[in-house]
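A.B. asks: Can you read through this structure? Questions will come right after.
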């Protein structure tokens, strides 16, 4: 039973990482209507930005480094959209060319990261924290901070979407881009801001992934990508809240399953859940109509 | 003779409608696009499906041709029930449709567009590709000969080797019809064949439709151009708010108060259209 | 020097096969198979375990181990990839539109990679299979050195055979229906084509080619492990396809030449930069990505664009003009 509660604890941590990543992916997908297959590499690069600030060049506190590094990734995401993804998306109406481009972007980013930092495993410079008992759960201080970061970000995203003008414009755009354009919404500006948010969230997710796994390599994000996809699809494509729900479900499921099966395969459980969802309820838990 | 061929001659004799639907309903997110459409399409005649915008005409066409499923109701081609059959099965029974916005197979040539249409091509089987190249070559030649005839009829022969995406709007419309005709349909469903087409082309397409009727094809056309409907259609079905409002000849329907009301604001006096 | 050239020759013809396989799936039918390298790996692994002796004798861990000779093991490897494709297609093809299919497939590729890496008793985990018997080596008394030119020629022959079959498929109505599905699957269905069935056929044929290509890889190198097939490797095959010219068999060869041989393998023979192991390889792969993007932007049809199939190629004469009572002469009654 102790093992079960331990797993639940880990599950919440994984769910936190997943939620940040899944929301970032969902926001961008809702606006641009194509999947960014380089998202995993956005995550890893954000993690490396943090690493540079935290361990390699400077020695800034991990949480401050995380903030700066992630914002840096947000800026880079905007640049990448301006220079590469946006022009391709505008030029080819058939979405699959853009998908190939994001796939190619993934390859380029991965190898550039390898060129700069090599393949060896990297570690963040952070204090080892003792485990605390929260009810039946056993979590370290760092894990709790990760969860807190996730909660804060989720609340922030929710607030933004529901109350701000920006949020309403984003929701309008993701429902019907043409209508949004003719309604006077500055779609170009919204797209830029969305990419900034998506990149920043990716950066945060990549960093906390590195924190929760204890290490970071250029391929970390890519290998985690399918788990994020699972969370987004199970939760319901196009729905931000679906992404959050999916993240919790997948996060808990993978960690709890690790108590029963060989832990090396725990992430693969996410894929099984994805396939089962596609077979039984392809639109996911909270799907928006008109998708999939 | 195929089973459907026998049914057809029987239907002809007994005046069983070529296409029939009963109580079709379809809702999109709670909005009923089609709410109890029922009608018979008489065999060997040209029938028009008319109605104000939003009446559900294209949805009904999509459901009849199998492109969409319906939430309720039944559909019959001849004696066979085809409710919620997928579009390829409906097509194999001899129902071909065109689309409101022409959908050409862009990367293929005009000739190839037509060559896709015939059913049961031996060359679509991998085993035949490996073992019976001669058979395939022969079939291809036959199909190509017929396709070139059809292209000539529709005035597209010169464009036979052009990629379909390079055609003009009017040419694409003709290609859309020619391609459906190539499949030797028994029932041809045309979704607004005259939409956005210049008057000279309207005359031509109208002529093709009459020729098709004379060669035994049953035609159902969704159309807004009531002038055309009056001139070539034998029978009219009026749809409004997703339901069958009335059926009959256009001259009778013009006297029908309900039909006039449904078209309120729209001109149904054909002579005024000119 | 000879071995260097023949190694390049091997990869040229092997990737020619791989590109043809992806072409029938993506170039002809429009299926975005982002898991392609997974099928290549299945082919490689199964070819290996069909020809390796029982695992008890080799100190590696793997299933099967039947010690079958070439080319039986190769054909079985191709079939294994094909069966895997059948399984995947049945679950995914019916239900998903393009981008969701791409998501599921790339996830499959990652999971498969993860699985083979961790589940040691399957294909020896992260170490992979090695000491795979070289085909005909004993029979022809080949040394390590003469094997390379020999097998490069074997691969060339196999690829030409497979090219012959593939060109028959693409020239046939089958290929045309694939392209119709690629251009507009709704129209194809409206014309009576069973789209799912045709897509399935396309996946099966393409995966067989993937399996054969993979099988040849393990036979040439004598070994195969997960580093050989990171999911990003699918992208290299896409690059071969798109640079050469999707939908075109000659394009496949040109693409294989340009991308695989020149870009990927030539630099592998350059000397390492001291202090930065693997740097050239990283630059190289990044360059492949850049080249592909440039190609998609400036010349999306590829170096060798898709052939236009003219009416004359069907062997028909010009039809007779204006037979009596022909259509088109009637007009609407006024």
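The values are calculated or read from the model by the stated rules, or taken from the named source; none is laboratory data. Since the model is a prediction, treat every value here as computed from it, not as a measurement. Methodologically, a virtual Cβ is constructed for each residue, glycine included, from the backbone with ideal geometry; neighbour enumeration extends over all protein chains shown.
A.B. asks: Go through B:165, B:141 for me and flag whichever is in a helix (DSSP H, G or I), modelled with pLDDT of 90 or more and out of contact with any helix residue (DSSP H, G or I) (no Cβ under 8 Å at 6 or more places or on another chain).
C.D. replies: That would be B:165, the only listed residue that is in a helix (DSSP H, G or I), modelled with pLDDT of 90 or more and out of contact with any helix residue (DSSP H, G or I) (no Cβ under 8 Å at 6 or more places or on another chain).
A.B. asks: Looking at (1) touching a strand residue (DSSP E or B) at 6+ places or on another chain (Cβ under 9 Å); (2) crowded, with 22+ Cβ neighbours inside 10 Å; (3) closer than 28 Å to residue C:279 by Cα, can you tell me which one residue A:56 breaks?
C.D. replies: In the conditions (1) touching a strand residue (DSSP E or B) at 6+ places or on another chain (Cβ under 9 Å); (2) crowded, with 22+ Cβ neighbours inside 10 Å; (3) closer than 28 Å to residue C:279 by Cα, residue A:56 misses (2) alone.
A.B. asks: Here's something else I'd like to know. Any residue in segment A:261-272 that is away from chain C (no Cβ under 14 Å) and farther than 13 Å from residue A:26 by Cα?
C.D. replies: Taking segment A:261-272 as the starting set, the residues that turn out to be away from chain C (no Cβ under 14 Å) are none.
No, segment A:261-272 has no match at all.
A.B. asks: So, residue A:267, is that one surrounded by fewer than 24 Cβ atoms within 10 Å (Cβ to Cβ), part of a helix (DSSP H, G or I) and in contact with a helix residue (DSSP H, G or I) (Cβ under 9 Å, 6 or more places away or on another chain) or not?
C.D. replies: Answer is yes for this residue.
A.B. asks: Which condition does residue C:65 not pass, out of (1) more than 10 Å from chain A (Cβ to nearest Cβ); (2) assigned to a helix (DSSP H, G or I); (3) touching a helix residue (DSSP H, G or I) at 6+ places or on another chain (Cβ under 6 Å); (4) surrounded by fewer than 22 Cβ atoms within 10 Å (Cβ to Cβ), if it passes all the others?
C.D. replies: (2)
A.B. asks: Could you check residue B:79 against (1) free of Cβ contacts under 8 Å to residues at least 24 places away in the same chain; (2) in contact with a helix residue (DSSP H, G or I) (Cβ under 7 Å, 6 or more places away or on another chain) and say which number it fails?
C.D. replies: Of the numbered conditions (1) free of Cβ contacts under 8 Å to residues at least 24 places away in the same chain; (2) in contact with a helix residue (DSSP H, G or I) (Cβ under 7 Å, 6 or more places away or on another chain), the odd one out for residue B:79 is (1).
A.B. asks: Could you check segment B:214-257 and list, in sequence order, the residues that are touching a strand residue (DSSP E or B) at 6+ places or on another chain (Cβ under 7 Å), within 14 Å of chain C (Cβ to nearest Cβ) and surrounded by fewer than 18 Cβ atoms within 10 Å (Cβ to Cβ)?
C.D. replies: Correct list: B:234 only.
A.B. asks: Give segment B:114-137 a look and list any residue that's closer than 25 Å to residue B:223 by Cβ and more than 8 Å from chain C (Cβ to nearest Cβ), or say none. Working first, answer last.
C.D. replies: From segment B:114-137, those closer than 25 Å to residue B:223 by Cβ are B:114, B:117; that's our starting set.
B:114 - this is the single residue of segment B:114-137 that is closer than 25 Å to residue B:223 by Cβ and more than 8 Å from chain C (Cβ to nearest Cβ).
A.B. asks: Right, residue A:29: within 13 Å of another protein chain (Cβ to nearest Cβ), out of contact with any helix residue (DSSP H, G or I) (no Cβ under 6 Å at 6 or more places or on another chain) and crowded, with 19+ Cβ neighbours inside 10 Å or not? Walk me through it before giving the result.
C.D. replies: Details: within 13 Å of another protein chain (Cβ to nearest Cβ): yes; out of contact with any helix residue (DSSP H, G or I) (no Cβ under 6 Å at 6 or more places or on another chain): yes; crowded, with 19+ Cβ neighbours inside 10 Å: yes.
Considered against the rule, which asks whether it is within 13 Å of another protein chain (Cβ to nearest Cβ), out of contact with any helix residue (DSSP H, G or I) (no Cβ under 6 Å at 6 or more places or on another chain) and crowded, with 19+ Cβ neighbours inside 10 Å, residue A:29 comes out as yes.
A.B. asks: Tell me, yes or no, whether segment B:72-85 has at least one residue that is within 13 Å of chain C (Cβ to nearest Cβ) and at pLDDT 90 or above.
C.D. replies: Within segment B:72-85, the subset within 13 Å of chain C (Cβ to nearest Cβ) is B:85.
The next check asks that each one be at pLDDT 90 or above; those that pass are B:85.
Within segment B:72-85 (the criterion being within 13 Å of chain C (Cβ to nearest Cβ) and at pLDDT 90 or above), the answer is yes, since at least one residue qualifies.
A.B. asks: Does segment C:248-259 contain at least one residue that is at pLDDT below 85, buried (at least 19 other Cβ atoms within 10 Å of the Cβ), assigned to a helix (DSSP H, G or I) and within 13 Å of another protein chain (Cβ to nearest Cβ)?
C.D. replies: Yes: one or more hits.
A.B. asks: Follow-up question, since we're still on this one. Of A:110, A:144, A:153, which residue is within 14 Å of chain C (Cβ to nearest Cβ) and closer than 25 Å to residue A:24 by Cα? Break it down into steps so the answer makes sense when it comes.
C.D. replies: Values: A:144 fails: within 14 Å of chain C (Cβ to nearest Cβ); A:153 fails: within 14 Å of chain C (Cβ to nearest Cβ).
Among A:110, A:144, A:153, only A:110 is within 14 Å of chain C (Cβ to nearest Cβ) and closer than 25 Å to residue A:24 by Cα.
A.B. asks: Just name the residue that is farthest from residue B:202 (Cα to Cα) out of those in segment B:162-179 that are surrounded by 20 or more Cβ atoms within 10 Å (Cβ to Cβ) and free of Cβ contacts under 8 Å to residues at least 60 places away in the same chain.
C.D. replies: Selected residue: B:171.
A.B. asks: Exactly one condition in (1) within 11 Å of chain C (Cβ to nearest Cβ); (2) buried (at least 21 other Cβ atoms within 10 Å of the Cβ); (3) closer than 29 Å to residue A:82 by Cβ is false for residue A:195; which is it?
C.D. replies: (1)
A.B. asks: For residue C:168, indicate whether it is in a helix (DSSP H, G or I), at the interface with another protein chain (Cβ under 7 Å from one of its Cβ atoms) and either in contact (Cβ under 8 Å) with a residue 60 or more places away in the chain or closer than 30 Å to residue B:187 by Cα (or both).
C.D. replies: Values: in a helix (DSSP H, G or I): yes; at the interface with another protein chain (Cβ under 7 Å from one of its Cβ atoms): yes; either in contact (Cβ under 8 Å) with a residue 60 or more places away in the chain or closer than 30 Å to residue B:187 by Cα (or both): no.
When the stated conditions are applied, residue C:168 does not pass them.
A.B. asks: If a residue has to be outside any helix (DSSP H, G or I) and more than 11 Å from chain A (Cβ to nearest Cβ) to count, how many in segment C:110-148 make the cut?
C.D. replies: So in segment C:110-148, the residues outside any helix (DSSP H, G or I) come out as C:119, C:124, C:128-136, C:141-143.
Then drop every residue that is not more than 11 Å from chain A (Cβ to nearest Cβ), which leaves C:124, C:128-136, C:141-143.
The total comes to 13.
A.B. asks: Looking at residue C:111, is it without any contact (Cβ under 8 Å) to a residue 12 or more places away in the chain, within 24 Å of residue A:274 (Cβ to Cβ) and either in contact with a strand residue (DSSP E or B) (Cβ under 9 Å, 6 or more places away or on another chain) or surrounded by 21 or more Cβ atoms within 10 Å (Cβ to Cβ) (or both)?
C.D. replies: Values: without any contact (Cβ under 8 Å) to a residue 12 or more places away in the chain: yes; within 24 Å of residue A:274 (Cβ to Cβ): yes; either in contact with a strand residue (DSSP E or B) (Cβ under 9 Å, 6 or more places away or on another chain) or surrounded by 21 or more Cβ atoms within 10 Å (Cβ to Cβ) (or both): yes.
Taking the combined requirement at face value, the residue satisfies it.
A.B. asks: Let me ask you something else. When the residues of segment A:129-147 are narrowed to those that are surrounded by fewer than 16 Cβ atoms within 10 Å (Cβ to Cβ) and outside any strand (DSSP E or B), which ends up nearest to the chain's Cα centre (by Cα)?
C.D. replies: If we filter segment A:129-147 for residues that are surrounded by fewer than 16 Cβ atoms within 10 Å (Cβ to Cβ), which is where we start, we get A:129-136, A:141.
Those left that are additionally outside any strand (DSSP E or B): A:129-130, A:135-136, A:141.
Working: A:129: 25, A:130: 27, A:135: 28, A:136: 28, A:141: 22 Å.
Filtering segment A:129-147 for residues that are surrounded by fewer than 16 Cβ atoms within 10 Å (Cβ to Cβ) and outside any strand (DSSP E or B), the one nearest to the chain's Cα centre (by Cα) comes out as A:141.
A.B. asks: So, one more: Only one of C:31, C:24 is in contact with a helix residue (DSSP H, G or I) (Cβ under 9 Å, 6 or more places away or on another chain) and either part of a helix (DSSP H, G or I) or surrounded by fewer than 24 Cβ atoms within 10 Å (Cβ to Cβ) (or both); which? Steps first, please.
C.D. replies: Values: C:31 fails: either part of a helix (DSSP H, G or I) or surrounded by fewer than 24 Cβ atoms within 10 Å (Cβ to Cβ) (or both).
Going through C:31, C:24 in turn, the sole match is C:24.
A.B. asks: Okay, moving on. Test residue A:242 against the criterion of being free of Cβ contacts under 8 Å to residues at least 60 places away in the same chain and either within 17 Å of residue A:15 (Cβ to Cβ) or facing another protein chain (nearest Cβ under 10 Å) (or both), and give yes or no.
C.D. replies: On the way: free of Cβ contacts under 8 Å to residues at least 60 places away in the same chain: no; either within 17 Å of residue A:15 (Cβ to Cβ) or facing another protein chain (nearest Cβ under 10 Å) (or both): yes.
The answer is no for residue A:242.
A.B. asks: Oh, and also: Being out of contact with any helix residue (DSSP H, G or I) (no Cβ under 9 Å at 6 or more places or on another chain) and part of a helix (DSSP H, G or I) is true for just one of A:99, A:83, A:110. Which residue is that? Working first, answer last.
C.D. replies: On the way: A:99 fails: out of contact with any helix residue (DSSP H, G or I) (no Cβ under 9 Å at 6 or more places or on another chain); A:110 fails: out of contact with any helix residue (DSSP H, G or I) (no Cβ under 9 Å at 6 or more places or on another chain).
Residue meeting the stated conditions: A:83.
Residues checked against (1) within 11 Å of chain C (Cβ to nearest Cβ); (2) surrounded by fewer than 21 Cβ atoms within 10 Å (Cβ to Cβ); (3) under 21 Å from residue C:183 (Cα atoms):
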site	(1), (2), (3)
B:146	yes, yes, no
B:149	yes, yes, no
B:160	yes, yes, yes
B:181	yes, no, yes
B:196	no, yes, no
B:202	yes, yes, no
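A.B. asks: Sticking with this structure for a sec: Among the candidates B:203, B:230, B:252, single out the residue that is farther than 22 Å from residue B:59 by Cα and either in contact with a helix residue (DSSP H, G or I) (Cβ under 7 Å, 6 or more places away or on another chain) or part of a loop (DSSP other than H, G, I, E, B) (or both). Please lay out each step first, then the result.
C.D. replies: Values: B:203 fails: either in contact with a helix residue (DSSP H, G or I) (Cβ under 7 Å, 6 or more places away or on another chain) or part of a loop (DSSP other than H, G, I, E, B) (or both); B:252 fails: either in contact with a helix residue (DSSP H, G or I) (Cβ under 7 Å, 6 or more places away or on another chain) or part of a loop (DSSP other than H, G, I, E, B) (or both).
From the options B:203, B:230, B:252, the qualifying one is B:230.
A.B. asks: Of the conditions (1) more than 12 Å from residue A:233 (Cα to Cα); (2) facing chain C (nearest Cβ under 9 Å), residue A:257 clears all except one; give me its number.
C.D. replies: (2)
A.B. asks: Looking at residue B:200 and the list (1) farther than 20 Å from residue B:20 by Cα; (2) in contact (Cβ under 8 Å) with a residue 24 or more places away in the chain, which single condition is not satisfied?
C.D. replies: (2) is the only condition that residue B:200 fails.
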